[in-house]
Amino acid sequence: MTSVYEEQAENPRGADDYIAPAPRVSVQAFCETADTVNAVTSAGEDRRFAKVHLTVKTGGIAAAIETYSSAPTPNVIILESDGSNDILDSLDQLASVCDPGTRVVVIGNERDAAPYRELVRRGVNDYVVGPVETIDVVRSICSLFSASEAVVTGRIIAVVGAKGGVGASTVAHNVAWTIARDLALDSVVIDLDLAFGTASLDYNQDPLQGIANAVFQPERPDTALMERLLAKCNERLSLLAAPAALDRVYDFGAEAFDAIFDTLRMTTPCIVLDVPHQWSGWTRRALISADEILIVAEPDLANLRNTKNLLGVLKTARPNDRPPLYCINQLGLPKRPEIEVKAFAKTVESQPIAVIPFDSRLFGTAANNGQMIAEVSKNHRTTGLFVDIAHHLTGHADFSRPKRSLLAPLLRKLRARTQRRPSAPHRKAS
């Protein structure tokens, strides 16, 4: 079975290949081949195209010229060239009927002889040599906006437990704290467990406002409102806390949190969602629309089943993304029969990115003091595990870091004994 390091090396769409979601725009594609029609149509089903209104037609550039002679142009036009006609001449004709501000993506052909600078001169924003795959279309359209708009497009990381009580919130809070401290990324933690959330306790905060003030207000939340609702945990980490109160019922529609996430994306490089263990329309949407997913599981049968089910559903719903990651938490709980990590990984057909050992004193002290694990014990092994997880989820993983050898303690003792041993006296010359 390959290690997670080998899987990352073999996966061309790892965490470092980040594609920001497209904004609410209209896109019309004019294709020449059936393969391109299929690729563009599949792109319309990608999570990053959730706000895109996509129309796919056939006929290539000639059909586009005819269409826009009597109709307004959309925000983006995708044109496929089969190389049979002069593409520069066709683009000149299109420009005469195209509205100002429309962005153009050309899927070209090896027979196209036009130099790229001439295409740019005629207003082409991106040129892709066919045949194209779905991810090529997604990347091309999304990059038109993420590269040109003067706003931050934050990455959303969703953390969820395979079962209740597995410590997913603790993992989420420590990973977010590590991302802010060790990776120096401005981050926000959103506690989505409105009734029983623990983020405010873990960060030793007592905010008067939080996510409930945003989700229950009638107007769409703006940046100014979100800034007022955030509680500052440290220089780079803020918290959108849950009320943790039972004075109301927290039933939401599937899109209830979309506006909050979109607003925070505009100002925050990293957003960590602490997703409660429940299966509803909005939790499913939060997981599927996230850029990275981490499932936290314990090594028992129920967690194994739930992890496998979650991985299967989320992989199917996100065919153009890296598969969700998972970690095993609380390994080695005394007197508890456990499934071996190797057997767990074989069943779910992937390796955990981390295995966190059970340590009641360490985690209990941190929870009762409102501290992170690194604040309680900076050099503890678990602190390093949270650093590893943070690297994986943000695309900054260092796979060249050497692993600790099991013989390292013995070798250190031998070296120390050799250094203490007195050197043999020099023999006097006779």
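The values are calculated or read from the model by the stated rules, or taken from the named source; none is laboratory data. What you are looking at is a predicted structure, and each value in this text was computed from that prediction instead of being measured. All Cβ positions, glycine included, derive from the backbone under ideal geometry; neighbour counts span all protein chains shown.
Yes/no matrix, rows are residues, columns are (1) within 30 Å of Cys233 (Cβ to Cβ); (2) at pLDDT 95 or above; (3) crowded, with 20+ Cβ neighbours inside 10 Å:
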residue: Pro319; (1), (2), (3): no, no, no
residue: Phe358; (1), (2), (3): yes, yes, no
residue: Arg361; (1), (2), (3): yes, yes, no
residue: Ala366; (1), (2), (3): yes, yes, yes
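Exactly one residue out of Gly370, Gly312, Gly395 is closer than 30 Å to Glu45 by Cβ and touching an Asp or Glu at 6+ places or on another chain (Cβ under 7 Å): that is Gly395.
Of the residues that sit in segment 1-37 and are assigned to a helix (DSSP H, G or I) and at pLDDT 90 or above, which one is surrounded by the fewest Cβ atoms within 10 Å (Cβ to Cβ)? Restricting to residues being assigned to a helix (DSSP H, G or I) and at pLDDT 90 or above, the top hit is Ala34. Within the set of pairs 6 or more residues apart or between chains, which connect a residue that is under 14 Å from Phe261 (Cα atoms) and in the same structural domain as Arg265 (by TED's automatic domain parsing) inside segment 219-231 to a residue that is aliphatic (A, V, I, L, M) and in a loop (DSSP other than H, G, I, E, B) with Cβ atoms less than 8 Å apart? Matching pairs, first to second residue: Thr223/Met266. Within segment 49-69, residues that are of a type in the set (Ser, Thr, Tyr) reach partners that are at pLDDT 90 or above with beta carbons closer than 6 Å, at six or more positions or on different chains, in the pairs Thr55/Gln28; Thr58/Cys31.
Take the conditions farther than 29 Å from Ala354 by Cβ, free of Cβ contacts under 8 Å to residues at least 60 places away in the same chain and buried (at least 19 other Cβ atoms within 10 Å of the Cβ) and apply them to Ala242. Does it pass? Answer is no for this residue. Scanning segment 169-192 finds one or more residues that are in a loop (DSSP other than H, G, I, E, B), in contact with a helix residue (DSSP H, G or I) (Cβ under 8 Å, 6 or more places away or on another chain) and either outside the structural domain of Lys308 (by TED's automatic domain parsing) or acidic (Asp, Glu) (or both).
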